[in-house]
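For reference, the structure is listed below as structure tokens.
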Amino acid sequence: MEKDQLIIKILKYFESVHGSSNVNGIPKFSQPKELIDEAINTCIEKNYIKRAGSHTIDFQDLDLTEAGLSFLNNALVMADKNDLIDKYSSHFGNKEQEFLQFAHEHEIANAAMMVKEFQAIQHDLYSHIYEITEPNVTLTETELELASIIYLKNKYDWINSKGISALNRWLVWMCWHEGIIK
């Protein structure tokens, strides 16, 4: 599990007990203690959680801060954004109508704006790949996906592997269509 995902898991735990002073019990995480301690230290450094007492790192002495709650809410929205781009982005074009129907059925606001945002991200990604392959460079599918992963992770801090995979489905098709893939 990535450290960021562990931090989100820890903050979800604290959110469930937010408002109480001192947390009773220790949550059960399947990760090694060193990883949990490192994630907790990161949360404390970023002021996502704070010590409620003077003990060493101990779940009973930590509380979620407003900054931690805000980070958690934003992280959950971004996770949803990756799920949504996964529903939209597809081989042989996009599933715009299916996405809009899904958004309507699940009462997702601003679905049309999301479509425009997803299209802009796809265009941005394709433009980047086009720039690095001009005038006569072709890439293997693996090289294309690697270039995409690096670019997306550097440009969009919210994107995760699900969002990257969704965008790459579309990108591979587009690059095949345009003759960029070997």
Might you check whether a residue that is closer than 30 Å to Lys50 by Cα and either surrounded by fewer than 16 Cβ atoms within 10 Å (Cβ to Cβ) or not β-branched (Val, Ile, Thr) (or both) occurs anywhere in region 137-152?
-> no
Going through region 135-160 one residue at a time, which ones are free of Cβ contacts under 8 Å to residues at least 40 places away in the same chain, part of a helix (DSSP H, G or I) and touching a helix residue (DSSP H, G or I) at 6+ places or on another chain (Cβ under 9 Å)?
-> Leu144, Glu145, Ala147, Ser148, Ile149, Tyr151, Leu152, Lys153, Lys155
For Phe92, the lone unmet condition from (1) over 19 Å from Ile180 (Cα atoms); (2) touching a residue at least 40 places away in the same chain (Cβ under 8 Å) is (1)
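A short reminder: the numbers here are calculations on the coordinates, not readings from a lab. In this text, all values refer to a predicted model and were calculated from it rather than measured experimentally. Positions of Cβ are backbone-derived with ideal geometry, glycine not excepted, and every protein chain shown enters the neighbour counts.
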